[in-house]
């Protein structure tokens, strides 16, 4: 099925929709445009690793300015709770912190906004794990969970073609060799990018994850050791 046909089927059930939006990724940029054209209200759930990063807010503000019927709900990324539990990269450790998986976030947002259906950017081309999940979503909609996957049969080239055809903002990439470049706090290339382009964001990352400074120091001193090893 095409994204348009899946979205049409969702629209027959509800006039409002939740979109799990990465802020800077191509699938989210594409879906936000598609959904905003069909639904009266689109609530975008943005899960942050470090709150208030300027490079991410640039994308969020672009979307808010372009689409009058969307809004953003910001919440900590589900992985952040695991990082806090073990003190990953020097973050303040709290061993007793509970898990907050994406299913709980989804449920919380549905209750808060009284919306029954949520959309995710999962595609079969993402890999075996994605295919397993999508096989349970007949015609792009999982009837048990009300989770929807309009892009399930598209590839990355299809998504980028849609973005260019509709003159949307280019997805964020700090490394042209990676298919997706999000907020990867353990990647020296990401930290170096922030150092050069968004120094205030780098300071926010280091304030929350102090050991990131060591990663960046080694990269500035020795370069990308992993690539050299290859």
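The values are calculated or read from the model by the stated rules, or taken from the named source; none is laboratory data. Predicted model only: the values in this text are computed from it and were never measured. Cβ atoms come from the backbone with ideal geometry, glycine included; neighbour counts cover every protein chain shown.
Miscellaneous remarks
- Residue 39 being touching a strand residue (DSSP E or B) at 6+ places or on another chain (Cβ under 6 Å) and free of Cβ contacts under 8 Å to residues at least 40 places away in the same chain: yes
- Helices (runs of 4 or more DSSP H) lying entirely in region 133-230 (those with 2 or more residues that are assigned by TED's automatic domain parsing to the domain that holds residue 42): 156-165
- Entirely in region 16-92, the helices (runs of 4 or more DSSP H) that have 2 or more residues that are in the same structural domain as residue 156 (by TED's automatic domain parsing), over 25 Å from residue 192 (Cα atoms) and within 15 Å of the chain's Cα centre (by Cα): 26-36
- Going through (1) at pLDDT 95 or above; (2) surrounded by 15 or more Cβ atoms within 10 Å (Cβ to Cβ) one by one, residue 100 falls short only on (1).
- Failed criterion for residue 3 (all others in (1) surrounded by 21 or more Cβ atoms within 10 Å (Cβ to Cβ); (2) in contact with a strand residue (DSSP E or B) (Cβ under 7 Å, 6 or more places away or on another chain); (3) closer than 16 Å to residue 166 by Cα hold): (2)
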